[in-house]
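For reference, the structure discussed in these notes is given below.
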Amino acid sequence: MNAKELITQARTQQRTALDEHAGKSLLAEYGIAVPQSLTVKNPGEVDAAFAKLRPPLVLKIMSPDILHKSDAGGVKVGLQSVAEVKDAINAMAASPQIKAARIDGYLIEEMAPAGQEIVIGGLRDPYFGPLVMVGLGGIFVEVLRDVSFRICPITRIDAEEMLDELKGAAILAGARGRKPASRAAIVDALLKVGGENGLLMTHADDISEADINPMIVSDSAAVAVDARFILG
Ligand code: ADP
Ligand code: MG
C-alpha cells in the first residue's frame, strides 16, 4: 500500500494515528531508512517471520491504546532465536498494561546499526502549516528541550542551520567517546521529512503530528526505529 492508501485505511478503521508498521512504510516511501519488519498476530506466526529477517531482532507491541511501548513492557530488543521471540510475545501478552489494551499484533524488526539517537518531528501550525523539528535523543529532548524548528518546506541550508542551533550539536560530532553520527544522513532525512517534496508538505492535509523517536544515526546511516503519525 502507498502512503495515501495507508492513511485512507486508517481513517476507514476510525483510527486517529497510523500504527508503527504503516508509519514505517510511509517513511520508506519517502526514502527514509527503516528496519526490515513484519507483523504477526500470535506466536504461531513467528517461525515464518523469523526466516525472513536477520537477527538480532526487536519485538514491539502494536496497540492503538499504548503510546509509550517501553513503559508498558512492550519493547524487547536483542532477540536471537524463534524461541526467544515467542517467549517475548507470551511475556508481553501477560503484562497487565498490555492485557488491558486492544492489541493489533506484534511488530518484529531487525536492529538498526548502533549510533546516536536523535528525534525528528513534525506538527501542523494553523497559520504556518507544517513545521519540522530536530533534536538529540533522550534527555536532550525530554529534559533539556534542546530542539530546533523550521516552517516547511526547508532547504538544505535550513537543515544544516537547524543542527548548528542545537546546544548539543558537538555531541553529534562524537564527544566523550561517542561514535560520530553522520551529519549528511541527518540533513538528508530532514529534507525527506520537511523539504519541498517531503512527507510533511505532501501530506499536510492528513498528518497533524509526526514523531520519529528515535532515529538511530551511525557514522554512515540514519535509521528510523520508531514512527508515529497522528492524523488530523
Ligand atoms: P517507545 O518509544 O514506544 O517506548 P521504541 O520503538 O522507540 O518504543 O523503542 C524503544 C527503544 O528501543 C528505542 O528508543 C531504541 O533505543 C530501541 N529500539 C527500538 N527499535 C530498535 C531497533 N529496530 N534497533 C535498535 N534499537 C531499537
Ligand atoms: Mg520511541
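The values are calculated or read from the model by the stated rules, or taken from the named source; none is laboratory data. Small disclaimer: the values here were computed from a predicted structure and weren't measured. Backbone-built Cβ (ideal geometry, glycine too); neighbour counts: all protein chains shown. These area figures cover heavy atoms from the full protein model, side chains too; ligands, DNA and RNA do not enter into them. Shrake-Rupley method; radii C 1.70, N 1.55, O 1.52, S 1.80 Å.
Yes/no matrix, rows are residues, columns are (1) within 15 Å of ligand 2 (Cβ to nearest atom); (2) assigned to a strand (DSSP E or B); (3) of a type in the set (A, V, I, L, M, F, W, C):
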position	(1), (2), (3)
Ile103	no, no, yes
Tyr106	no, yes, no
Pro113	no, no, no
Gly121	yes, yes, no
Arg124	no, yes, no
Tyr127	no, no, no
Val132	no, yes, yes
Gly135	yes, yes, no
Condition first: in a strand (DSSP E or B) and away from ligand 2 (no atom under 16 Å from the Cβ). Can you find one or more residues in region 44-59 that meet it?
yes
Identity of the residue in region 65-83, open to solvent by 60 Å² or more (accessible area, probe 1.4 Å) and assigned to a loop (DSSP other than H, G, I, E, B), that ends up nearest to ligand 2 (Cβ to nearest atom):
His68
Only residues in region 104-122 that are within 20 Å of Asp47 (Cβ to Cβ) count as the first member; pair them with residues that are at pLDDT 95 or above and of a type in the set (Gly, Ala, Ser), Cβ under 6 angstrom, at least 6 apart or cross-chain, and list the lot.
Leu107/Ser37; Ile108/Ala49; Glu109/Ser37
Return the residues of region 56-87 that are in contact (Cβ under 8 Å) with a residue 12 or more places away in the chain and more than 24 Å from Ile212 (Cβ to Cβ); say none if nothing qualifies.
Gln80, Ser81, Val82, Val85, Lys86
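Would it be correct to say that Lys86 is buried (at least 18 other Cβ atoms within 10 Å of the Cβ), within 16 Å of ligand 2 (Cβ to nearest atom) and assigned to a helix (DSSP H, G or I)?
On the way: buried (at least 18 other Cβ atoms within 10 Å of the Cβ): yes; within 16 Å of ligand 2 (Cβ to nearest atom): no; assigned to a helix (DSSP H, G or I): yes.
Criteria not met by Lys86.
Residue by residue, here is whether (1) open to solvent by 30 Å² or more (accessible area, probe 1.4 Å); (2) within 16 Å of ligand 2 (Cβ to nearest atom); (3) among the acidic types (Asp, Glu); (4) modelled with pLDDT of 95 or more holds:
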residue	(1), (2), (3), (4)
Ile157	yes, no, no, yes
Met162	no, no, no, yes
Val187	no, no, no, yes
Gly195	no, no, no, yes
Ile230	yes, yes, no, yes
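Consider Leu6 carefully, then state whether it is of a type outside the set (Phe, Trp, Tyr), open to solvent by less than 70 Å² (accessible area, probe 1.4 Å) and part of a helix (DSSP H, G or I). Don't jump to the end; show me each part of the working.
Values: of a type outside the set (Phe, Trp, Tyr): yes; open to solvent by less than 70 Å² (accessible area, probe 1.4 Å): yes; part of a helix (DSSP H, G or I): yes.
Taking the combined requirement at face value, the residue satisfies it.
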If you scan region 128-155, which residues turn out to be at pLDDT 95 or above, open to solvent by 30 Å² or more (accessible area, probe 1.4 Å) and not hydrophobic (A, V, I, L, M, F, W, C)?
Arg150, Pro153, Thr155
